[in-house]
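See structure below.
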Amino acid sequence: MNDARLLILQFVVAVALVALSVQLVRMHLVDLPVAPPGTDALSVRTIPIEAPRGLVLDRDGEVLARNVPLFTVAVVPGELPADDAGRRAALLDVEQHTGVPLRSLERAMTTGLATIDPLVPVEVHRGFGLQDAIALRAALAATPGVVVETRAMRLYGGGDLLGHVLGHVGPIPAESAEEYLAAGYRLNERVGQSGVEAVYESELRGQLGHRVVLADPTGREVEHVSQVDAVAGADLVLSIDVDLQRATAEALERGLDTGFEAALSREVRHDEPIERIGAAVVIDVRSGELLAVVSSPSYDANTFSGLDPTADTVALLTDEARPLVHRAYQEVRAPGSIFKPLVGAAALQEGIATPLTQIRSTGSLTVRSIYDPDVTYVFKDWTEHGVLDFYGGLVRSSDVYYYYLSGGYDDPDGTSFEGLGVERIAQYVRQFGLGAPTGLDLPGEAGGLVPDSAWKEATYGEPWVLGDTYTLGIGQGYLTVTPLQMAVAAAAIANGGEVLVPRVARGFRVGENVELLPREVAGLLPIDAEHLEVVREAMKRTADGPLGTARRGEPEGITIGGKTGTAEFGPQHPDDEFDTHGWFIAFAPYDEPEIALAVYLNHGSGALDAAPVAHDIFHAYFNPPTSQVGTLASPDSTGGAP
């Protein structure tokens with residue numbers, strides 16, 4: 001018997017035992033009158049049967065979200081005594097046996113879903129064991145409107161590795177009650193609130209069943225009439241490889257440590273607290289499946305599961321580091337030099353450059369103001385590179401080379417170099433998937449910004465100038481992206497031009513098989529194969545050559561294509577320098593690419609801090625460890641440079 005069937009069987013047995021225990025209490029501990037069969041006192045009642053929610057598994061079948069029984073005390077506001085004294089007495093009885101203060105009980109009876117449908121049970125107490133459930137059922141059996149129930153709750157695996165991806169379930173929000181009622185929900189159901197629990201709610205939920213019974217005036221069932229069984233929800237199989245997710249998270253933490261320490265060491269530049277945050281994405285370049293999508297800091301989905309009464313959700317919601325925000329797809333930053341391969345591909349396609357195009361970098365480029373000839377602007381390179389061809393421009397990540405490709409240059413000697421210009425840059429990089437959400441199957445994806453002259457005029461009331469194009473060409477200025485977008489762009493370069501729609505859901509398990517979701521292609525790059533090959537070769541040399549800025553990202557025995565980025569941000573410090581984000585994009589193996597990745601560190605260098613993170617991720621992917629995913633906790637345990 002496989003693990004999933006065993007888990008379902010355990011759950012069913014547990015529910016059956018609870019039902020049997022409660023019935024024994026009714027029969028032996030509570031002396032209630034039974035109305036004779038056939039009398040007018042009997043009424044027909046329809047009792048819903050909850051459908052087991054589908055499991056969530058990783059791509060190798062490891063269960064990441066399952067159902068466990070939870071005992072609760074609920075009060076049905078509409079079944080409380082109509083008179084104030086009787087109502088108060090019933091709630092005082094609940095207070096006495098559960099410890100829930102009377103004022104909290106009264107508030108629960110007059111707010112939320114209770115105001116929409118007074119016959120919906122309102123949960124007031126939870127988190128106790130079977131023996132307590134039996135005792136409470138006996139003690140509260142004569143209290144009108146009070147029920148002791150067994151509910152299925154979600155238990156999540158993976159700790160803080162998968163909080164954002166898995167999400168959580170919770171009560172139907174009062175403001176959405178009509179929408180859920182129209183969709184056939186009962187108001188006391190629990191529904192997906194975030195992550196895949198929300199996105200794939202309809203598939204995971206299953207179909208409710210019901211029992212028809214005869215009941216006496218006390219609500220006790222006297223006779224079973226009929227039953228329609230519930231249909232369990234589908235099991236969702238994620239594309240995530242939990243072992244790789246863990247290895248990626250560990251590598252990211254090491255990169256965050258080095259980048260953070262380097263930033264802190266420059267004390268003159270830091271009179272404000274700095275954020276230790278980052279993200280990493282690993283995508284299959286053939287299918288768009290995300291094998292790992294990591295954000296730091298993160299959180300455990302069980303914080304919101306309702307199983308742990310000690311969980312401090314308030315602290316999580318108010319944490320200044322905002323762990324509920326997934327930095328891979330919900331937050332945008334300037335990408336810096338990892339943007340250059342996209343500009344280079346566009347320049348090749350437009351005939352602005354060829355692989356042999358040579359440009360000299362003396363360490364900077366000067367431009368006279370079009371408004372005041374006496375004013376000269378200096379656009380720096382990160383060092384003096386000398387003469388570079390297209391490959392060398394990317395290998396050395398020369399800013400001057402990309403100033404030329406993006407904005408062009410009129411040399412004082414009278415020669416001119418035509419650049420792409422802002423409109424063509426914007427047109428091409430949007431085809432890579434920048435400037436709009438990728439279509440990821442998780443909520444809250446950010447789209448970023450690809451600026452152009454019309455945007456600047458509308459936003460600032462100012463014209464676009466050459467300096468704006470230069471900074472755009474090296475991935476700075478107004479441009480913002482997500483790490484996920486850059487992983488998708490790297491995958492498109494690797495796979496020959498297909499811009500894939502990324503996803504974390506691989507398919508649904510049916511019996512022993514997994515029915516895969518269809519592969520989605522958002523578009524094709526308008527770049528010829530020969531030009532993409534030049535960009536791939538340049539990225540290979542960047543990671544594989546002795547002078548390449550990305551060489552620290554290449555693992556032993558694997559040839560990759562890679563690119564670093566160190567994007568300046570924030571105010572200029574007294575030493576005239578800026579804080580920097582560390583970035584890295586890459587794909588591997590070079591000859592037959594399987595995966596692409598993007599690494600983002602809020603503080604650090606692409607070459608020194610982000611590249612080693614990519615190295616360790618590649619090593620983990622090509623040298624997979626023995627699975628380290630632990631068994632899920634039992635219900636009892638929860639109560640401008642390179």
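For this structure, a couple of remarks:
- The listed residue being over 30 Å from Y377 (Cβ atoms), assigned to a loop (DSSP other than H, G, I, E, B) and at pLDDT below 95, out of P546, P571: P546
- Identification of helices (runs of 4 or more DSSP H) wholly contained in the range 171-267 with 2 or more residues that are modelled with pLDDT of 95 or more yields 195-199, 201-205, 242-265.
- Residue match in the range 92-109 (condition: of a type outside the set (K, R), touching a Gly at 6+ places or on another chain (Cβ under 7 Å) and under 15 Å from V146 (Cβ atoms)): no
- For beta carbons closer than 9 Å, sequence separation of 6+ or different chains, a first residue in the range 589-607 that is part of a helix (DSSP H, G or I) and a second that is surrounded by fewer than 24 Cβ atoms within 10 Å (Cβ to Cβ) and aliphatic (A, V, I, L, M), the qualifying pairs are G606/A641; A607/A641.
- One residue alone among V199, V225 is aliphatic (A, V, I, L, M), within 18 Å of the chain's Cα centre (by Cα) and open to solvent by 10 Å² or more (accessible area, probe 1.4 Å), and that residue is V199.
- Taking the criterion of being assigned to a loop (DSSP other than H, G, I, E, B), more than 14 Å from the chain's Cα centre (by Cα) and surrounded by 23 or more Cβ atoms within 10 Å (Cβ to Cβ), the residues of the range 429-447 that qualify are F432, G433, L434.
- Qualifying residue in the range 155-162 (condition: touching a strand residue (DSSP E or B) at 6+ places or on another chain (Cβ under 8 Å), within 26 Å of V100 (Cβ to Cβ) and open to solvent by less than 50 Å² (accessible area, probe 1.4 Å)): yes
- A152 vs. criteria of a type in the set (G, A, S), open to solvent by 50 Å² or more (accessible area, probe 1.4 Å) and not in a helix (DSSP H, G or I): no
- Residues located in the range 511-543, provided they are in a strand (DSSP E or B) and over 20 Å from G435 (Cβ atoms): N513, V514, E515, L516
- Condition check for V367: in contact with a strand residue (DSSP E or B) (Cβ under 8 Å, 6 or more places away or on another chain) and within 17 Å of L472 (Cβ to Cβ): yes
- Qualifying residue in the range 96-106 (condition: open to solvent by less than 30 Å² (accessible area, probe 1.4 Å), in a loop (DSSP other than H, G, I, E, B) and at positive phi): no
Listed here are the residues, each with its yes/no results for (1) assigned to a strand (DSSP E or B); (2) under 19 Å from V332 (Cα atoms); (3) in contact with a helix residue (DSSP H, G or I) (Cβ under 8 Å, 6 or more places away or on another chain).
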residue: P451; (1), (2), (3): no, yes, yes
residue: A458; (1), (2), (3): no, no, no
residue: R506; (1), (2), (3): yes, no, no
residue: R509; (1), (2), (3): yes, no, yes
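- Output for the range 185-196, where each listed residue is open to solvent by 40 Å² or more (accessible area, probe 1.4 Å) and in contact with a Leu (Cβ under 8 Å, 6 or more places away or on another chain): R186
- If you go through the range 512-559 and keep only what is surrounded by 24 or more Cβ atoms within 10 Å (Cβ to Cβ) and touching a His at 6+ places or on another chain (Cβ under 9 Å), you end up with G553, E554.
- Unique residue being open to solvent by 10 Å² or more (accessible area, probe 1.4 Å), at pLDDT 90 or above and small (G, A, S) when the list is G54, G86: G86
- Selection count where residues are surrounded by fewer than 24 Cβ atoms within 10 Å (Cβ to Cβ) and either of a type outside the set (S, T, Y) or part of a loop (DSSP other than H, G, I, E, B) (or both), scope the range 466-496: 8
- Residue tally, condition charged (D, E, K, R) and more than 18 Å from V285 (Cβ to Cβ), over the range 514-557: 8
- Subset of the range 285-318 [among the hydroxyl-bearing types (S, T, Y) and touching a Lys or Arg at 6+ places or on another chain (Cβ under 9 Å)]: S287, S295, S296, S305
- Filter result (assigned to a helix (DSSP H, G or I), farther than 30 Å from F390 by Cα and over 18 Å from the mean Cα position of the chain (by Cα)) within the range 314-354: V314, A315, T318
The values are calculated or read from the model by the stated rules, or taken from the named source; none is laboratory data. Predicted, not measured: the structure shown is a model, and the values here were computed from it. Neighbour counts are summed over all protein chains in view; Cβ atoms, including those assigned to glycine, are modelled from backbone coordinates with ideal geometry. Just the protein is used for accessible areas: all its heavy atoms, side chains included, with ligands, DNA and RNA removed. Shrake-Rupley method; radii C 1.70, N 1.55, O 1.52, S 1.80 Å.
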